[in-house]
Every structure is written in structure tokens, then in C-alpha cells.
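Notes for the one structure printed next.
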Protein chains: 2
Amino acid sequence: MKVTLAQLNYRIGDLAGNCNKISEVIQQQGNQTDLIIFSELCITGYYPLDLLDKPEFIANQDEHIERIKKLSEQYSAGIIIGVVDRNAFTGKPYHNALMLIEKGNCRFIYHKQLLPTYNIFSEARHFEPGKIPGVCLFRGHRLGFLICEDGWNDQAPFHYDNNPVQDLAREKPDLVISLNSSPSNTGKQEERVLRFTHIAKHCQAPLIYVNQTGANDDIVYDGASFVCDEKGQGVLQLPAFEEHVTTITVLSPDAKKSPSVTLLAMDNIALYYQQLIMGIRDYVAKCGFPGIVIGSSGGIDSALTLALAKQAIGAEKVTAITMPSRFSSEGSRHDSEALCYNLGVKLYTYSIDDEFASSLQSFSGVFKEPARGITAENIQARIRGRVLMEYSNQTGYLVLSTGNKSELSVGYATLYGDMCGGLNVLGDLYKTQVYALANYYNELHPAAVIPQEIIDKAPSAELAEDQKDSDSLPDYPVLDAILQQYIEGDLISEHERQQASAILQRVSTEVIAEVKKLVDRTEFKRRQAPPIIRVQRRSFGAGRQLPISGSYEYC
Amino acid sequence: MKVTLAQLNYRIGDLAGNCNKISEVIQQQGNQTDLIIFSELCITGYYPLDLLDKPEFIANQDEHIERIKKLSEQYSAGIIIGVVDRNAFTGKPYHNALMLIEKGNCRFIYHKQLLPTYNIFSEARHFEPGKIPGVCLFRGHRLGFLICEDGWNDQAPFHYDNNPVQDLAREKPDLVISLNSSPSNTGKQEERVLRFTHIAKHCQAPLIYVNQTGANDDIVYDGASFVCDEKGQGVLQLPAFEEHVTTITVLSPDAKKSPSVTLLAMDNIALYYQQLIMGIRDYVAKCGFPGIVIGSSGGIDSALTLALAKQAIGAEKVTAITMPSRFSSEGSRHDSEALCYNLGVKLYTYSIDDEFASSLQSFSGVFKEPARGITAENIQARIRGRVLMEYSNQTGYLVLSTGNKSELSVGYATLYGDMCGGLNVLGDLYKTQVYALANYYNELHPAAVIPQEIIDKAPSAELAEDQKDSDSLPDYPVLDAILQQYIEGDLISEHERQQASAILQRVSTEVIAEVKKLVDRTEFKRRQAPPIIRVQRRSFGAGRQLPISGSYEYC
């Protein structure tokens, strides 16, 4: 049997656009294959959130499903799509479902049984879980179905008291098909392969794993769909971070001959690189921005953000603005220029010195006291944020904010200042990872490098005389180890845990407690941050939900 | 049997503080009553969100429960508290539970069966549902237990396929006790009384409904706990929006004699008034701000916000800053002064004209073109936002932002400008409701009124020459009817629906479509808004979750 994996990039809510993409694949492949498999919730996009509450939304989806059914009349292939199905009984109004369409008819529907409600997921908000295994006879083969989370309770840790894989295995499927919208983060590709090759062995059947690709706001889907045989041996792997349609023969003597393939997981840094570029590119494309504008301080964060933005949408659509003040070093100004020259990016220089001086003067004139340290520092960041927004308002360009996860964790960022922007690119990379990614970028792009001076200099916000980050924060390797343990300690790998522990052995409990306190007390800033492209196991945003006025300090 | 209802104001995560409050009530009442009933999750505060994921958090809670057990040894009363209980089986790690403590021992535990996962609720994120009814013999009486949502599936609409009330009724309890953390919003008091008096009749037993009071970030709990007899007739109602501890005799011949009480629901406007004041007061107290600063434009929104802030924490802790520009009318300047004089609030005047002019000049100098309309308008709002933040950074005062729900809905607000602030007060009131509340305020406070000029003048952002809101938006009664239908049309009452429909009959479908488009396209702004005190059935924030880069426009 010939099976086609369609790994596509959907836009949430764009029913017509998503349906067109699906139709194109059907038109190209519909007579050359037996079965075309799309991914979870491919018509609505994943995750549609409260669009599901709009009464006309599902009616409109159904019209598009009818279009696909109609189209299927002209082709021989069966078509599997992820859809929202109505719940005929009590409970939530919908099921997260898959539908098998053949020759104009819906042949089979399966309802997802495990609905994730942790980290970034909240599927119980809209969906009622299915209760029965999905098995269906198709062209002489017993197809067994899973939808994404259904496959994540067959091995520890067990988050649900039922296991759809166990139930499916009892049905002895000839082929297991999993439709997924599985977000990408550190370690995810490896974990997926481990879990789903295990499922193939458990069910004693080959398994086809189809994932979507593309970014939706802060969440990026890598794709990296794959096929393995009943022994869990890799047979096919699709590339990550791009659309791809591939046909493979399964369940026939020929298939036995195809050489086995090692199912690979990308290196972390290569993953971050591709993931952030896709995150930027899709946000710009799906929102319809004509270009990007970034404040260039001469520091590593804005330099890397600029380099990634150029990679995502091309230098000609990227503008940098450097906004020096009396505290900006000569080096910083020069480094901004060298960077933008290397990248081929247009650079404006907007000195904020006069406005800063007159703000200070107005402040003491009105409030009868001079602006103190943090007040004066933030004025600079907020004038800069305003200038970036002026350029954005004037041109329609998207402002990318440039803070990293270390800074955002401890609140080392100015709300309405450097936190201004429609999307934050590095907000889920710790500072040490920002350096690693900058070095990786330079290796990949010898003709458009980030100047070494930017990588080498001591990090500074340059908001006061001779200021260094290390004046008020532990060194970044220490800070990052504390933060990783605190923010995602329950999710990191054994290897990461050991690395962090080795560093933390040398750190006093007071320093660790102080950092944790900073994290707790700056929740209000992160609540107002733009969406942060998610790359780690737990990012700021929907994946980490905490009260502001509440407080819990462990003593 | 004597039963004490303890309607208290808890702080999320403040285990020691909450436990102290509970202990005080036990110390005062413990030998004068048979049973003291606290509310849902009273030790951790509701809702603790991902504090529940901190490994030491529940261990620490348990230490505090032990403190309460120990204390109970000295008193005769049984004590019912809402706690987080560990789940001994597969699934989510915890149960949302209640515990009956008597003489140092845990006598009984009940696990909440219905976990809400809609609107602002996400209890399935952390909790596993209980599966059995809660009935326990106590001093000769069969007590039947419910926790909040357990009681909300006994009448339509049915959101769950089980009904804990039905199961409880079969157990024939002598008394039904419901522990709640039920947020306040329009219509909620009436709905609660309807549903829970119906439960009393269904179970043929008197019912005690204990709710918490107090605000946590954007969510306010009114309290308004009550008792009804087995016929659903009111016996006792506690005041709303304050802590209250009351003892009542139930299940004895004497109780029959107590005169019946009408269980009242507050008027909407009175509810908004008290709810917003509690929202401000608790946010300031629980975060520990020394005071509040508000930008005073001379318009109705900032005037009402100032008046409510004064009511919440006293005039001496509230500062206003008026920041006129060339577009500010003489009336606006004068009205700000009159307002602050009436309220007794300190007013600073900070002219932004020079800074605005030099920003415009720098803009055209650097970018070689003049700042266009929206660019120039936003510069003014952002300079003002910066000044408010300067004052906040200097003094530690909380900035309250002043936008209303109508403006936030259509994006008629400047991100990083007038949207600056730690808390938004009026963001869940439509503009027409803002006027109604301002008039109500003036009736209540004849000595500290909002000047009539502020109420009477045509709304304007005053960011350009002779600008009026009505230049770019429909009149507010029309706009508000469209918005209410679009944002919470599925939740409003029949009466509200009829009112809105009557207005909308006269409005063209193009105007309605245009407003809906504005709402959809400005999601990115609301994502970066401060917490908005919730008063309506569906507010912006956790209660309405939509994608940004996705889009769905119904044609």
C-alpha cells in the first residue's frame, strides 16, 4: 500500500487557506497513492483556542470538509484529515478528531482520547475525550489510529489513567497512524522517536507519524515526520522546519527491502537556529508585516536578533536603529555599524541624549527631586522603545524585542522600554545559549558575521556609567544554571541536570535564593511581554502560569 | 447544630498568612459552635496556578494543615477547610479537596468531581477529578459535600456527563455544605442563588454555601455566602465584598422558627462599584504598593479611575499627573484640577509639549520624513506613559491604566502609552457603563464629585486637532451593543440580549462587521495589557484566549 505523508504549514483560523493547501496535495498525489495523511486539526490549524467558541466557526469548517470530500470523488486515494467533530452527547461541545475520507464519503471518524492540559496545552477547554480505540479496515488492512497525546501515556511518566496504545494494541492493527501537532522544543525529537518506535513494537505494526510544521505566534512545529517498521526500526524521516510531501510503500513485500534509516534528532543549537528563524518568518508572513525593525545596541542579544531576522526575511526588509546615549561606549556604536554593514541591513542612528537630558530636567522641575538611578535608567530604555514604535507606526514594520531568558527571568528588562515589540526572539534562550547560537551563526555565515567584539565584550545594559550586568547579577553560567533548575528543573534531561548541579555545587544557597526571589517578583513584567518564541521545555507565557499579587517563597 | 460560616479574604500562595487567618477564627469560635466552614482551597488561596508545580509547595501546605489539626485539639468544633490533596493513583498529581478536621484528626476527605476548564478556569491543569459522592456522619447528622463547580451541572446548560448533586441526593444528606471560590461578575449572585436553592430542594436538605471574598490579580470574589432551608427558602445571607464570620443554628427545631430571608443579588452598578474598589485595594495591599499614580486627562475614564482609587486606599495615597499637550483643551486642564481638588488628590502638571515637539523634529531629522498621523498621536501617549512610569520607578507607586472595555476591544488605546500600568481598572466596563458608574459615584459622594463637565463633554483622546472618538468609532451605545454581542453574546442574559438587539436593529451589517474586524485585529495589544479587573461574564485575559497571527473572519 502506498501512503503519502503531508507535512504542511497551516495558519490558525484560516480555513480556506488551509483547505487550499490540502486540496493541492490531493490534486497532485490523489491518483498515485492509496492514502494521504495530513496532521492534527489541519483544517482549523492547531491550536484554534477560543475561535472554537465562535458559533459559525465549526459550521464554516464543515463547509470546507465538504469541499475536500467533493474533491476526493475525482481521486482514488483515501484522505485522512484532522478535524473538529461535534460531540453528540453531554459535555464539551467538540471532539478533537480525525476523519478518513474516500470517494466523496466520510468512511471513519476517530476521537482523540487523551487531551493534554499541562504546559502550553489546554485541550480540555474545548474538547470532550473519545472513549474507544480507532480501528478501521481500509483496502484489506486494519488501520489503527492515534492523535498526538494518545501516544504519550504508553511509557512513564503516566499522566492519565487510560492508555489508548494498550487498547489499540489489543485490536491488532496492521498499521498505526498518528496525526500530530507536536510543538518543537529541546529534546522533543528524540523523545518522540523513543515513544513512537516503542508504540510500533507494542502494537507489532509499522507506524506512520505525521506532524505539522510552521510557527503560530510563540509555538513552532518542526515537522520531522517519520515512519518506522514493526520493530521500531526507522524507514523514513522527513526534514524538519519545512513543508514536505513524501510517498512510501508499506505493508507489502517490497517495503521489507527498503533500507532502514536512523531516525535522527537535531543538535540543540541547530534546532534553536532553525526554530527561531521559522518563528520570525511565519509571524511576519501570517500577520502580514512588510518588514522588521530592531533596536541595535551593539550588544549580543540585538546582534543575534538582527542576524536571525535577516536570515528569516532578507536583509532588505530589516531595519536597525541604534540609539546611543551618553552611557553608550564608542565600541557599541562602532559594533552596531560593523554588524549592520556585515548583514547588509539598513542602520539609522538616533541619539537620545537631548531627549534624555530634557526628560531629567522636566522630571526634577515637576516633581522637585532628581530622577534616581532606576528611574533615570528606565527613561533611556523607554525613549528607545518609543522611537522603535514610532518607526513601526510609520512603516507598519514589526518591532522584534531582544531580551533573553536570563534577563526576562530576573526582570532585568524595562517594561515599555526594551520589552517593546510584537514578538520576542531570544526570550526562551538563556544568555549562555545566546552566545552559543551567535558562534554557530558565525560558523554558518562567514560572509555576514556578528563581529567578534560583540561576542567578546562584557554584557552591559549601558544605562549608567561603567555598568556591567555582573554588577547586579551572578555570572551568566551560574545564573543560567540556577534559572534552568528553577524554571524547568522537573523537565530537563538527566544530562542537563548533572551539568547544572556541577555548577551549583559552587554557589551559595543565599545567591540561589536571591535569584529565585527575583524571578518570583518580576512576574508582572513577563505578563506584559510580547509572545516569546518557545524553544525550551518550559517557556514564559501559557507554559508557565503564575499569580502576580500572590506570592510563595520557600524558606 | 451550630454552624459557623467563615467568609475570608485569602492571598494566593501565602500559606502562613492564610493559615493564621483560619486559626484566628478557630480560636474565637472553636468552643461556641459545632462546625466552622471555610471556603475552597483556603490554605493555598484560589487559584494557585503553577505554584502547584513547585515540589515543596504542597509539602509546605501540609505542614500548615498539621498546624490547624494541632490547634483543633483545644476546641470542640469540627473544622472544614479546602485543601490540595495528593492523588495516590495515576493521573494529575492532586485533587481539589475538602477536609473535615475534629480534635486533631482528619475525619473525612472529599475530592471535587467537576473541574471547570472554561472561561477563566483551568482546574484540569493540576487536578484529577474525584469520583465518589462526599457524605460523612458528624454529630448524628449526615453531611453531604460539594465543592463549587460540583453544584453547577444540576440544571441546564449541562457541561459534564456526571452530576454530583444527583449522586449526593441519593445519599439523602441531612445538610448540604458547599465550599466555593466563586468569582464575581454580572449576574453571578442571582445565578448562584437559583442553582444552589434548587440543589437544596433536589437534596431535600438545608444548604450552606460558603464563598471566599477578596481580589487576586484580575479576579474578584464577592463572598455573599448564604444558607437556605430544604425548600430553598433563604435563612441567612452574608454581606458581599467583605470578610464576615457568622454562626447559625441548623437541623434543630429552633431553626424552623428563624424568619426566612430573601436572598438578594446586588444591582449591576453597585456591584461594579464595590468590585472595582476591592480589586484596587487588594492588588495594592497584596503586592505591597505604597500608593497609586494615575494620568489625569480630564476625561471620564481617568476621572472615574481616580475616584475609585481614592475610595480604595484614601486620597493621601493617590497621586494624579496631568500631562497636557498642544491638543489638550483648556476645559480638560481645568477639569483635571477641579476633579483632583474635589477628591483631595495631589495633582502634578507635566507639559509634554516641548518633548513632543523635539520628538517630531528628531523623527524627521533621522528618518527624513515627517511623523504621520498615528505616529504623532502615539508619541504623545507614550511620552505620557513614560512620565507615569518615571513617577512609579521613583516612588514605588502603582500605575493604574484607565482604558475601558470599549476602547480595548477595538484597539483604541496606545500600547506602551495609555496602556502602561500594573492594573487596569475599567477595562471590563463598556464606555456606557463607565458613564453609569460615574453618575452612581457622584450620587454616593456629593462632597467629592466628578465634575459634571467631565461627564458631559464628548469623548476625545485629544491626540490631534479637534479629535472626537465619534470621528472613527460608532456612538458608544451602538459600539457597546455590538461589542457585548460579539464578546459575550453566548453568556449574556435574555434581557441584555433584547436590549442589544433593539439597538442593533438600526445598525448596518457593514458597521457591525467593521467593529468585529477591529476587535480581531487588535488582539496583539490586549495580549500585552496589564491585568484587567474582571466584572463581566467574559473579560479580556484568561477568559478569552485567541491567537494573534491566526485569523478568522466570518464572511
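The values are calculated or read from the model by the stated rules, or taken from the named source; none is laboratory data. Predicted model, so just to flag it, every value in this text is computed and none were measured. Note that we place each Cβ from the backbone using ideal geometry, even for glycine, and neighbour counts take in every protein chain shown.
Summary of computed values
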{"item": "First in region B:334-353 and in contact (Cβ under 8 Å) with a residue 60 or more places away in the chain, second anywhere and part of a loop (DSSP other than H, G, I, E, B) and buried (at least 23 other Cβ atoms within 10 Å of the Cβ), Cβ under 6 Å, 6 or more apart", "result": "B:ASP335/B:GLY298"}
{"item": "Residue count, region A:188-224 (criterion: in a helix (DSSP H, G or I) and of a type outside the set (Gly, Ala, Ser))", "result": "15"}
{"item": "Qualifying helices (runs of 4 or more DSSP H) (wholly inside region A:448-490; at least 3 residues being surrounded by 14 or more Cβ atoms within 10 Å (Cβ to Cβ))", "result": "A:452-456, A:476-488"}
{"item": "Criterion violated by A:LEU388 - all others in (1) within 13 Å of chain B (Cβ to nearest Cβ); (2) in contact with a Phe, Trp or Tyr (Cβ under 7 Å, 6 or more places away or on another chain); (3) part of a helix (DSSP H, G or I) satisfied", "result": "(2)"}
{"item": "Any hit, region A:239-249, residues being surrounded by fewer than 18 Cβ atoms within 10 Å (Cβ to Cβ) and either farther than 29 Å from A:GLU24 by Cα or charged (D, E, K, R) (or both)", "result": "yes"}
{"item": "Subset of region B:275-312 [within 24 Å of A:GLU523 (Cβ to Cβ) and hydroxyl-bearing (Ser, Thr, Tyr)]", "result": "B:TYR283, B:THR305"}
{"item": "Residues that are outside any helix (DSSP H, G or I), touching a Lys or Arg at 6+ places or on another chain (Cβ under 9 Å) and surrounded by fewer than 23 Cβ atoms within 10 Å (Cβ to Cβ), drawn from region B:340-368", "result": "B:GLY344, B:THR349, B:TYR350, B:ILE352"}
{"item": "Listing of helices (runs of 4 or more DSSP H) fully contained in region B:227-328 that carry 2 or more residues being within 30 Å of B:GLU453 (Cα to Cα) and at pLDDT 95 or above", "result": "B:268-287, B:300-313"}
{"item": "Residue within region B:505-524 that is in contact (Cβ under 8 Å) with a residue 60 or more places away in the chain, outside any loop (DSSP other than H, G, I, E, B), touching a Phe, Trp or Tyr at 6+ places or on another chain (Cβ under 7 Å) and closer than 27 Å to A:THR44 by Cα present", "result": "yes"}
{"item": "Residue satisfying all of: in region B:6-26; over 29 Å from B:ALA124 (Cβ atoms) and in contact with a strand residue (DSSP E or B) (Cβ under 7 Å, 6 or more places away or on another chain); nearest to the other protein chains (Cβ to nearest Cβ) among these", "result": "B:VAL25"}
{"item": "Test result for A:ASN105, modelled with pLDDT of 95 or more, farther than 25 Å from A:SER252 by Cα, surrounded by fewer than 21 Cβ atoms within 10 Å (Cβ to Cβ) and more than 14 Å from chain B (Cβ to nearest Cβ)", "result": "yes"}
{"item": "Selected residue (criterion: surrounded by the most Cβ atoms within 10 Å (Cβ to Cβ)) from residues of region B:56-89 that are of a type in the set (S, T, N, Q) and more than 12 Å from chain A (Cβ to nearest Cβ)", "result": "B:SER72"}
{"item": "Whichever residue in region A:108-141 is of a type in the set (Lys, Arg) and part of a loop (DSSP other than H, G, I, E, B) and, among such residues, is nearest to the other protein chains (Cβ to nearest Cβ)", "result": "A:LYS131"}
{"item": "Top-ranked residue in region B:170-187 [being under 30 Å from B:LEU429 (Cα atoms) and in a strand (DSSP E or B); ranked as farthest from the chain's Cα centre (by Cα)]", "result": "B:LEU179"}
{"item": "Complete set of residues in region A:27-55 that are away from every other protein chain (no Cβ under 14 Å) and either surrounded by fewer than 24 Cβ atoms within 10 Å (Cβ to Cβ) or assigned to a loop (DSSP other than H, G, I, E, B) (or both)", "result": "A:GLN27, A:GLN28, A:GLN29, A:GLY30, A:ASN31, A:GLN32, A:THR33, A:ASP34, A:PHE38, A:SER39, A:GLU40"}
{"item": "Qualifying position, being more than 20 Å from A:LEU308 (Cβ to Cβ), at pLDDT 95 or above, assigned to a helix (DSSP H, G or I) and more than 23 Å from the chain's Cα centre (by Cα), among A:ALA376, A:ALA371", "result": "A:ALA376"}
{"item": "Residue satisfying all of: in region A:434-447; small (Gly, Ala, Ser) and in a helix (DSSP H, G or I); surrounded by the fewest Cβ atoms within 10 Å (Cβ to Cβ) among these", "result": "A:ALA436"}
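Residue-wise test of (1) free of Cβ contacts under 8 Å to residues at least 40 places away in the same chain; (2) among the β-branched types (Val, Ile, Thr); (3) surrounded by fewer than 24 Cβ atoms within 10 Å (Cβ to Cβ); (4) at the interface with another protein chain (Cβ under 9 Å from one of its Cβ atoms).
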residue	(1), (2), (3), (4)
B:TYR397	no, no, yes, no
B:SER401	no, no, no, no
B:LYS405	no, no, no, no
B:GLY417	yes, no, no, yes
B:ASN424	no, no, no, no
B:ASP428	no, no, no, no
B:THR432	no, yes, yes, no
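Here's the yes/no breakdown for (1) aromatic (Phe, Trp, Tyr); (2) touching a helix residue (DSSP H, G or I) at 6+ places or on another chain (Cβ under 7 Å); (3) over 19 Å from B:VAL245 (Cα atoms); (4) free of Cβ contacts under 8 Å to residues at least 60 places away in the same chain:
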position: B:GLN7; (1), (2), (3), (4): no, no, no, no
position: B:TYR10; (1), (2), (3), (4): yes, yes, no, no
position: B:GLN28; (1), (2), (3), (4): no, no, no, no
position: B:LYS69; (1), (2), (3), (4): no, no, yes, yes
position: B:SER76; (1), (2), (3), (4): no, no, no, yes
position: B:ASP85; (1), (2), (3), (4): no, no, yes, yes
